[in-house]
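Enquirer: I am attaching a structure below and will ask some questions about it afterwards.
The values are calculated or read from the model by the stated rules, or taken from the named source; none is laboratory data. All values derive from a computational prediction rather than experimental measurement. Cβ atoms come from the backbone with ideal geometry, glycine included; neighbour counts cover every protein chain shown.
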Amino acid sequence: MNSRLAEIYRVHASAQYPRGREDLALVDSLAADSVHIWLTNDGALDDARRTSLAEQEQQLIHAIPQLTGPSRFYFQRLLDMVVLVLESTD
């Protein structure tokens, strides 16, 4: 799963942030940072970061249905990564 997640993360990190979605910038930053840390720490996250990531997951679940087009695709990819990390650290 690490290689699959690493590839998704690479694509996400090089993607352009959606215009007009400044309201989700902090969610994006915190979630992507946690995914990056998980990837570089052999699948380990401390409890505080895992709790934060679970909070970002809930924010994304709430926000994504309101999004369209590239914004929806961008944040769905982020949510997919978050879910993979959280499922692997259960």
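Enquirer: Search the stretch 19-41 for residues that are at pLDDT below 95 and pair each with any residue that is among the hydroxyl-bearing types (Ser, Thr, Tyr) and surrounded by 14 or more Cβ atoms within 10 Å (Cβ to Cβ) when their beta-carbon atoms are under 6 Å apart and the residues are at least 6 apart or on different chains.
Expert: Hits for this filter: Arg21/Ser71.
Enquirer: Can you spot a residue in the stretch 66-83 that is outside any helix (DSSP H, G or I), surrounded by 11 or more Cβ atoms within 10 Å (Cβ to Cβ) and of a type in the set (Ser, Thr, Tyr)?
Expert: Among the residues of the stretch 66-83, not one is outside any helix (DSSP H, G or I), surrounded by 11 or more Cβ atoms within 10 Å (Cβ to Cβ) and of a type in the set (Ser, Thr, Tyr), which makes the answer no.
Enquirer: I've got another one for you. Across the stretch 37-49, what is the total count of residues that are surrounded by 13 or more Cβ atoms within 10 Å (Cβ to Cβ) and part of a helix (DSSP H, G or I)?
Expert: Selection size over the stretch 37-49: 4.
Enquirer: Please find, among Ser71, Ser88, the residue that is modelled with pLDDT of 95 or more and touching a Gly at 6+ places or on another chain (Cβ under 8 Å).
Expert: On inspection, the qualifying residue turns out to be Ser71.
Enquirer: Return yes when Ser52 is free of Cβ contacts under 8 Å to residues at least 60 places away in the same chain, in a helix (DSSP H, G or I), surrounded by fewer than 17 Cβ atoms within 10 Å (Cβ to Cβ) and in contact with a Ser or Thr (Cβ under 9 Å, 6 or more places away or on another chain) and no when it is not.
Expert: Yes; evaluated as a whole, the condition is true for this residue.
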